[in-house]
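Q: My questions will all concern the structure given below.
The values are calculated or read from the model by the stated rules, or taken from the named source; none is laboratory data. Treat the numbers as computed from the prediction; the structure is a model and nothing was measured. Here the Cβ positions follow ideal geometry from the backbone for every residue, glycine too, while neighbour counts run over all protein chains shown.
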Amino acid sequence: MAVFFITAFSNTCVFAALDIRVRPYEGGYDLNYRNVDLQAGRVNKEVVVDITNDTGAQYRLTQVLSEPLTNDQGISMPQQSLVVYARQGSNRYGTLSVQTDTPVFFGRYVLYTSNQNGLSDSFILVYSLLVPPDQEPGYYRGRLQFILEPVNSTQESKLFVLNIAAQIEAQSKFEIITSSKDGVIRLDASNPDKKFSDVGINITGGLGKQFRITQLLPEILMSAEGDELDPESVSFIGREAKEGEVVNQEQPLSVKPVTVYTSGARGQADTFVLTYSLGDLSGQKAGTYIGNIKYVLEGDGIPSGGLIDTLRLEVDNPRIFDISITPELGGRIEFRDLKPMQQPKTYEVAIKVNSNTGNRYQVSQAVASALMNKEGYEIERDYFTCRTEPLDGTKGSVKLPQKTGIRKQVDTTLFISDKHGSSDTFKAIYELTPPPDVRAGDYSTTLVYSLLEI
């Protein structure tokens, strides 16, 4: 009997392997930049790269940006917005090529080369997102390809795809700064250096969409006495905007909204200055006028009534109540080289009153003595007269329309203002008719003008 022995051989085929895995350090499958503000600056995310190789052949790892970070509207971030560098000392055997910030771009870039023996290795790459301050907010997606390939081998390359996501948000901030520490805009009509006041507006963060800043007076400026200030007494103009357009022609304040600034198309961060200045307040009553200026944010997609800030505005119009004489007499009126039988001599003066009290007033005059020469010889009052005439624009009433003899030490009313106590001007004409027996010489007297509220 023949006995047969059958021997079974089991052949197990083991294939050399080259493989890669890229995983975000924070977990998950995507490189995710969540809730990144436009002013965040640099945002770092780490990924761990694990490479296994038992082929004994050298290999390298390259990177390609196959899809740039792009939102639903097709707007992409600049390539330099994403950079990569390797964390030093995180690998064991090979050589990392990205020791410093390296832009992530479409072309192939070698990240890592193994040692000659192609030992397995692991290392950390840091991807930094650098969002431009004018980037459109929104959700952006992109894609990175990692290609693991042998250096001098027919071994097949390995591809790993890492998705990138970034949620860009605009958290804008508007800061309004006044010249005063307490945030009040103060203008003073009595001081040339205080007739102007600057307000700086700083916009940080950007909105990602175009917007406008308007200003308005909710109410007319008013004094404690209830008097209103004409809004056109205060004007404003802007300057120094770099990204948007600021009002560049002087305009008066208004109770209606006025656009003072329009941003760039993407609502970029910007800084500009508004200068407020006082005009002519001669027609306004004295007092301190107080009100508010509101600054409002407007634009498509921006909720209505987007109040940025409200600033207090104070306009000080000090009391003015004075009189001036042209030509300046120095308190004396003099007729020189007077001789008998001469023609009458006249002397004219313009009298101007500046007043913002709002009260009626009168202008009076008095002479200390009759006209006399240095020897004390006097001319009788009937030969020395005064009359008053209105000038163009005179609002009040002259009170000596006819020649009237001037009596010494007696107050004589020359003029009464209109009912508003407006600033005004008129003319006084002094006339001397030399008496037949006048002694030749120079004659003078002292004139005193009085300005009184009535």
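Q: Out of (1) in contact (Cβ under 8 Å) with a residue 60 or more places away in the chain; (2) under 15 Å from Y443 (Cα atoms); (3) surrounded by 13 or more Cβ atoms within 10 Å (Cβ to Cβ), what's the single condition that is false for N356?
A: (2)
Q: May I pose another question? Among the residues of the range 405-445, how many are of a type in the set (S, T, Y), more than 17 Å from A368 (Cα to Cα) and out of contact with any Gly (no Cβ under 6 Å at 6 or more places or on another chain)?
A: Total meeting the criteria: 4.
Q: State the number of residues belonging to the range 244-263 that are over 13 Å from the mean Cα position of the chain (by Cα) and either within 17 Å of T178 (Cα to Cα) or surrounded by 18 or more Cβ atoms within 10 Å (Cβ to Cβ) (or both).
A: Counting residues in the range 244-263 that are over 13 Å from the mean Cα position of the chain (by Cα) and either within 17 Å of T178 (Cα to Cα) or surrounded by 18 or more Cβ atoms within 10 Å (Cβ to Cβ) (or both) gives 1.
Q: Further, regarding this structure: Where in the range 14-87 are there strands (runs of 3 or more DSSP E), lying fully within it, with 1 or more residues that are touching a residue at least 60 places away in the same chain (Cβ under 8 Å) and closer than 26 Å to Q268 by Cβ? Even if it seems obvious, please write down each step before you answer.
A: Numbers: elements: 18-24, 31-37, 42-53, 59-70, 82-86.
Output list reads 31-37, 42-53, 59-70, 82-86.
Q: Next question. Scan S66, S90 and give me the residue that is in contact with a strand residue (DSSP E or B) (Cβ under 6 Å, 6 or more places away or on another chain), surrounded by fewer than 13 Cβ atoms within 10 Å (Cβ to Cβ) and assigned by TED's automatic domain parsing to the domain that holds L144. I'd like the intermediate steps shown before the answer.
A: Values: S90 fails: surrounded by fewer than 13 Cβ atoms within 10 Å (Cβ to Cβ).
Answer to the check: S66.
A quick yes/no check of all residues on (1) at pLDDT below 90; (2) of a type outside the set (V, I, T):
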{"position": "E375", "(1), (2)": "no, yes"}
{"position": "K408", "(1), (2)": "yes, yes"}
{"position": "I429", "(1), (2)": "no, no"}
{"position": "Y449", "(1), (2)": "no, yes"}
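Q: Please find, among L338, L311, the residue that is within 24 Å of A366 (Cα to Cα), touching a Gly at 6+ places or on another chain (Cβ under 8 Å) and buried (at least 16 other Cβ atoms within 10 Å of the Cβ).
A: One residue alone meets the criteria, L338.
Q: What's the total number of residues in the range 305-349 that are over 30 Å from S233 (Cβ atoms) and either assigned to a strand (DSSP E or B) or under 22 Å from the mean Cα position of the chain (by Cα) (or both)? Walk me through it before giving the result.
A: Step one: of the range 305-349, the residues over 30 Å from S233 (Cβ atoms) are 327-349.
Narrowing the set further to residues that are either assigned to a strand (DSSP E or B) or under 22 Å from the mean Cα position of the chain (by Cα) (or both) leaves 332-338, 345-349.
Total meeting the criteria: 12.
Q: Hey, among Q99, Q135, Q171, Q80, which residue is exposed (fewer than 14 other Cβ atoms within 10 Å of the Cβ) and farther than 16 Å from V64 by Cα?
A: So the residue among Q99, Q135, Q171, Q80 that is exposed (fewer than 14 other Cβ atoms within 10 Å of the Cβ) and farther than 16 Å from V64 by Cα is Q99.
Q: Hey, can you tell me all the residues within the range 130-153 that are of a type in the set (V, I, T) and at pLDDT 95 or above?
A: I147
Q: From the list L274, L217, which residue is aliphatic (A, V, I, L, M), more than 30 Å from L38 (Cβ to Cβ) and either assigned by TED's automatic domain parsing to the domain that holds N202 or modelled with pLDDT of 95 or more (or both)?
A: Just one listed residue meets the conditions, L217.
Q: Which of the residues that make up the range 404-435 are in contact with a Pro (Cβ under 7 Å, 6 or more places away or on another chain) and closer than 13 Å to P390 by Cβ? Working first, answer last.
A: Taking the range 404-435 and keeping what is in contact with a Pro (Cβ under 7 Å, 6 or more places away or on another chain), we get 426, 431-434.
Result: F426, single match.
Q: Now for a separate question. Can you go through R332, R312 and tell me which one is not assigned by TED's automatic domain parsing to the domain that holds D437 and not aliphatic (A, V, I, L, M)? Can you show your working first?
A: On the way: R332 fails: not assigned by TED's automatic domain parsing to the domain that holds D437.
On inspection, the qualifying residue turns out to be R312.
Q: For Q268, only one of the following conditions fails: (1) in contact with a helix residue (DSSP H, G or I) (Cβ under 8 Å, 6 or more places away or on another chain); (2) over 30 Å from H420 (Cα atoms). What is its number?
A: (1)
Q: On to the next question. Do any strands (runs of 3 or more DSSP E) lying entirely in the range 351-454 carry at least 3 residues that are among the small types (G, A, S), and which ones are they?
A: On the way: elements: 361-367, 384-390, 412-416, 424-432, 441-453.
In the range 351-454, the matching strands (runs of 3 or more DSSP E) lie at 441-453.
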